[in-house]
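First comes the structure, then the notes that go with it.
The values are calculated or read from the model by the stated rules, or taken from the named source; none is laboratory data. Note that the coordinates shown come from a computational prediction; the quantities given were computed from them, not determined experimentally. All Cβ positions, glycine included, derive from the backbone under ideal geometry; neighbour counts span all protein chains shown.
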Amino acid sequence: MAGVKDMNKKTKIKILLDVTMAIMFLALMNVRGTGLAFHEITGLGILGLFAAHIALNYAWVKNRMKNLFSPKINRKAKLMVALNATLLLSIVTISLTGIMISEVVFSFGSSESPEILYIVHQWASYLCLGLFGVHIALHWRYLLNGLRRMFFNPAGGRLVRSFKRIGATAMIVGILYTLVNPDLGSTTPQAAAVIPSYPSAASTPSISSAVDPKEDSSDDVIGNSETVPTDAVSLSEFLGGLFCTGCHNHCPLSNPKCGRAASQIEEATAEYQQLYGNSEA
């Protein structure tokens, strides 16, 4: 009985580990919405969980690698080994490139970081997400049986089939949504770039709501004092609170790493002139 209990406990840990990694990985695909700090720390967390996943399945890995070319191993088992090896390689690639372009946890990321690192990091992430989905799909029976033993024991199989369909649909929708709309609701790069972080942000209207001081009449002074901030900030401070959406690097507009931010800097400068005129120090 003790062996059965230990096995069941290990199975529960494996299942919870897989579900946790799936949720965390989907969250990582939205770096724009979660921020770099969350992205980097959670990415390191997934690396640790994946190492734990391999450790928990070490016996299976050792047995498969030892008998990989044995005629007793069927084609499906060899395909699983190839899938897991590719998944491991993609996670290692994501981790290494992530550390090299890190700007929060590590100090390797800088304005001189080659853009190829960002491209490799991005596409390795997409590949890993697809492989992770295939990995889970191939283990549906194992995962669902484990969840059923953990939380419920239905009399029939309809509930299990329903969970399969709902889970598969949710995963496909989540993958497509993060790929098509990684900014979670940003309609234009210019609108997504406006993320104020300077002290007077609460009183700073957006481009669409800003009032042009040149068009104001002398009878509307009180209204202007309520819509236009009285304490001006410098242009560099203003641009420092906005971030470029030209790539996944999301540089501050005050210190862009490439020329993709030029149009957004121009628009932000025009907004600054609308808000503060020529008040820059």
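Of all residue pairs spaced 6 or more apart or on separate chains, those with beta-carbon atoms under 8 Å, a first member in the stretch 40-53 that is on the phi < 0 side of the Ramachandran plot and in contact (Cβ under 8 Å) with a residue 40 or more places away in the chain and a second member that is of a type in the set (Val, Ile, Thr) and not in a helix (DSSP H, G or I) are 40/104; 40/105; 41/104; 41/105; 44/105.
For (1) touching a helix residue (DSSP H, G or I) at 6+ places or on another chain (Cβ under 7 Å); (2) not small (Gly, Ala, Ser), each residue gets a yes or a no:
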{"position": "13", "(1), (2)": "yes, yes"}
{"position": "16", "(1), (2)": "no, yes"}
{"position": "27", "(1), (2)": "yes, no"}
{"position": "44", "(1), (2)": "no, yes"}
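Is one or more of the residues making up the stretch 105-113 in a helix (DSSP H, G or I), surrounded by 17 or more Cβ atoms within 10 Å (Cβ to Cβ), at negative phi and modelled with pLDDT under 85? Among the residues of the stretch 105-113, not one is in a helix (DSSP H, G or I), surrounded by 17 or more Cβ atoms within 10 Å (Cβ to Cβ), at negative phi and modelled with pLDDT under 85, which makes the answer no. The criterion of being modelled with pLDDT under 80, surrounded by fewer than 15 Cβ atoms within 10 Å (Cβ to Cβ), more than 28 Å from residue 13 (Cα to Cα) and in contact with a helix residue (DSSP H, G or I) (Cβ under 6 Å, 6 or more places away or on another chain) does not hold for residue 69.
Outside any helix (DSSP H, G or I), modelled with pLDDT of 80 or more, in the same structural domain as residue 53 (by TED's automatic domain parsing) and under 22 Å from residue 26 (Cβ atoms), is that true of residue 92? Against the criterion (outside any helix (DSSP H, G or I), modelled with pLDDT of 80 or more, in the same structural domain as residue 53 (by TED's automatic domain parsing) and under 22 Å from residue 26 (Cβ atoms)), residue 92 does not qualify.
If you check every pair at least six apart or on different chains, which have Cβ atoms under 9 Å apart with a residue in the stretch 249-274 that is not assigned by TED's automatic domain parsing to the domain that holds residue 29 and acidic (Asp, Glu) first and a residue that is surrounded by fewer than 19 Cβ atoms within 10 Å (Cβ to Cβ) and not in a loop (DSSP other than H, G, I, E, B) second? Partner pairs satisfying both residue conditions: 267/190. Quick check on residue 35: is it in contact (Cβ under 8 Å) with a residue 12 or more places away in the chain and either over 30 Å from residue 244 (Cβ atoms) or among the small types (Gly, Ala, Ser) (or both)? So residue 35 does not fit the description; no.
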